[in-house]
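None of the figures in this text is laboratory data; all of them are computed from the coordinates on show. Just so we're clear, the structure is a prediction, and the values are computed from it rather than from any experiment. Cβ sites come from the backbone with ideal geometry, for glycine too, and all protein chains shown count toward neighbours.
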Amino acid sequence: MKTSTEIFAENLRDLLLTKNKTQADLGRFLSVTDATVSRWANGESMPRSAMLDRICVFLHCTPEDLLADYTKVAVLAPEDVIAEEINNNPRLFRLMFYASKLSDDQLDKIIAIVGDMK
């Protein structure tokens, strides 16, 4: 799990990139050293709340944009899990390729054979 400092650092870097701004631009605007901004961007420290407000002004964002954890755990639907498995396994991919060329009756016979293998 990420710390609030790590989350802030990641969001700060992303917002600077999105807004086409540099750490040096931010430092000049805030009248702080490049080292200070670098520590924020590398997750070594956090700005105080008054400074956070000024960062938001510079980046035209809200404090939540800088502090919220936007990391999302992807939840795949079962069919997406199967599709990913097929794409990552050349033998399964080949099997699905050939299976797609079979008639419904042929496919039903193969499914019955595989079902009997359990």
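The trypsin sites (Lys or Arg not before Pro) of region 6-82 meeting both criteria, a DSSP state outside H, G, I, E and B (loop) and at most 10 other C-beta atoms within 10 angstrom of the site's C-beta, are Arg48, Lys72. Coordinate range of the alpha-carbon atoms in the chain per principal axis, descending: 74, 26, 22 Å. With a Cα-only, solvent-free Debye model of region 4-67, what are the log10 I(q)/I(0) values at q = 0.11, 0.14, 0.16 Å⁻¹? Log10 of I(q)/I(0), two decimals: -0.18, -0.30, -0.40. Okay, helix-only estimate at 222 nm for the chain: each DSSP H run of n ≥ 4 adds -39500 (n - 2.57), divide by all residues, round to 500 deg cm²/dmol; what do you get? That comes out to -20000 deg cm²/dmol. Placing unit charges on the Cβ atoms of the charged side chains and taking the dipole of the chain about its Cα centre, the candidate lying farthest along the positive direction among His60, Thr22, Pro90 is Thr22.
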